[in-house]
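K.L.:
Attaching a single structure in structure tokens format; questions to follow.
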Amino acid sequence: MGSKNLHDKPFDEGTLKKLEIFELYTKEWLPTFIMSKVECICIFDFFAGTGFDMNNVPGSPIRILRQIKGQIGNVFQRGTKIYLIFNEYDRTKCNQLKLACDNYINENVELKRARDNKILNYKVFQEDFKTLFPKWMKCINQFPSLVFLDQNGVKFTSDEYFMPLVNSHNTDFLYFISSSYVKRFGKTEEFAKAISYDSERAENEPATWIHRNILEELRKRIPQGCDTKLYPFTIKKNANVYGIVFGASHPRAVDKFLATAWKENNINGEANFDIDDDLGKKQLDLFGLQKPTKVERFKQDLREKIISRVLVTNKDVYDYTLEQGHIPLHAKEEVKRMKKEGLVDFNISPMINYEQVYKKQNIISYMIK
């Protein structure tokens, strides 16, 4: 978590939203692999905290265990082994975390049975992240892994840590970055070593866009030919904002994260507030015109690309939709509308979803009328 002793006081609203997204994505991620034929899966929480805040509200490790508990029937049925690696550098907090995890598992009979049968395996470390991370990178590369990096600052976005995650084909990862740190240290040498950042541009844009700018810089570092995609989610808390940067190479993982993000906010799927003032765009300007919202703009672009044959198949549309940070529903709505208007034709369904495109490989072409 950082140097501040966050768990001696209640989690604030921003932290709770961050933890909620953590947990919601974990809930989506777990059954994907538990129900498949993989031998084991791994979850890493490298800045794990104490387990609970002072009001007994669970932190990320307990939330992870809670979601495993929700899948425990499938865990036993499939026999998928789960490995949890929790790390907390502060000794006192680390001891609290060990106790919290032990107590939670002992109080839940099925989790205890899974642990005793070596199906659920967990370790709590008290190490510097810089030392611990390289030790587990081989495991992260070998098995499907979910990695949480809830850091204080941006130093772990440096290539030393960022690139191994980007290049791992089995890994989904979530970084958390605070804008207050960016504002304080954005012009320092240490900051520049971790990430390139245009501070002058940032000063001319809304403060809530900080994480978009950081994301753009991170995207530039992804090697050509690498399948990893990055997506933002911004959490506002008073004058400060937290940035979630999600990364994954598999389209199903991207689909699930975007589903989580758009459930949080169906206006933009990118923040827990109206980051682009889309609600204000419903008002007409001085010329009687209405600016399109994020969803409306996406649908307009999608329509143009289908008509111009830039996007021909349901796979083209599905991939483009994820690339633009939208959920398949938005594309499906527009393609159906185009059919109703007599612009395109297809049989029964536009089939814009992971199941049809990647799992069943039902690829269809949209016929332009």
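K.L.:
When you scan the range 39-55, do you find a residue that is free of Cβ contacts under 8 Å to residues at least 40 places away in the same chain and in the same structural domain as Asn170 (by TED's automatic domain parsing), even just one? So that I can check it myself, show each step before the final result.
P.N.:
From the range 39-55, those free of Cβ contacts under 8 Å to residues at least 40 places away in the same chain are none; that's our starting set.
Within the range 39-55, not a single residue is free of Cβ contacts under 8 Å to residues at least 40 places away in the same chain and in the same structural domain as Asn170 (by TED's automatic domain parsing).
K.L.:
Please go through (1) closer than 25 Å to Asp345 by Cβ; (2) assigned by TED's automatic domain parsing to the domain that holds Tyr161 for Ala248 and return the number of the only condition it doesn't satisfy.
P.N.:
Every condition holds for Ala248 apart from (1).
Yes/no matrix, rows are residues, columns are (1) loosely packed, with under 15 Cβ neighbours inside 10 Å; (2) in a helix (DSSP H, G or I); (3) within 22 Å of the chain's Cα centre (by Cα):
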site: Asn95; (1), (2), (3): yes, yes, no
site: Tyr104; (1), (2), (3): no, yes, no
site: Glu110; (1), (2), (3): no, yes, no
site: Lys123; (1), (2), (3): yes, no, no
site: Phe133; (1), (2), (3): no, yes, yes
site: Ile140; (1), (2), (3): no, yes, yes
site: Leu149; (1), (2), (3): no, no, yes
site: Phe156; (1), (2), (3): no, yes, yes
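The values are calculated or read from the model by the stated rules, or taken from the named source; none is laboratory data. Computed from a predicted structure; not experimentally measured. A quick note on method: Cβ atoms are made from the backbone with ideal geometry, for glycine too, and the neighbour counts reach across all protein chains shown.
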